[in-house]
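A short write-up of the structure that comes next.
The values are calculated or read from the model by the stated rules, or taken from the named source; none is laboratory data. This is a predicted model, so every value here is computed, not measured. Positions of Cβ are backbone-derived with ideal geometry, glycine not excepted, and every protein chain shown enters the neighbour counts.
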Amino acid sequence: MSDTVWINQRQPQTLYISQFLLYFSAVISIFDQPPTGVFSNYVIRNGLLILIVFGSAGGAFGIANNRRLGYILGIAAAIAPFAIRFELARQFDIGFAIEWNIIGGMFDIALIAALLHPMSRDHQKIWFR
């Protein structure tokens, strides 16, 4: 029998919730595409989409299986939407970048807070390989 799991309930609540939020972020990122005027180059837009989707899902799967690389990938996938919003604010109007997805931004903040919480950091330092 395989020891790989999709959700690990034996982890601290911050990592347990971050697994759900990363999987949720991966699914929502598929459907929540930025307007075509922002990223007119399809290669860049689809490349960012693939990185966020696979980064979020891979990070959640890695965290569930106690992998340090999954934890790092999860943090990178959680920070990526902020980097995209910052780039939008730099290139275009700051109001447009902030108003683009308010609820998604709240989920991103909650995810980063859960992943960088001291309980999560301490657990991954001790138990993740």
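Observations on the model:
- Residue that is under 19 Å from residue 128 (Cα atoms) and modelled with pLDDT under 80, where the choices are 2, 40: 2
- Qualifying residue in region 64-85 (condition: modelled with pLDDT under 95, charged (D, E, K, R) and either in contact with a Cys (Cβ under 8 Å, 6 or more places away or on another chain) or exposed (fewer than 14 other Cβ atoms within 10 Å of the Cβ) (or both)): no
- Criterion (at pLDDT below 80, part of a helix (DSSP H, G or I), surrounded by fewer than 17 Cβ atoms within 10 Å (Cβ to Cβ) and basic (Lys, Arg)) met by exactly one of 45, 121: 45
- Filtered residues of region 5-34 (kept if at pLDDT below 90 and outside any loop (DSSP other than H, G, I, E, B)): 25, 28, 29, 30, 31
- Of all residues in region 2-18, those that are surrounded by fewer than 13 Cβ atoms within 10 Å (Cβ to Cβ) have Cβ atoms under 6 Å from Cβ atoms of residues that are outside any helix (DSSP H, G or I), 6 or more apart or on another chain, in 4/65.
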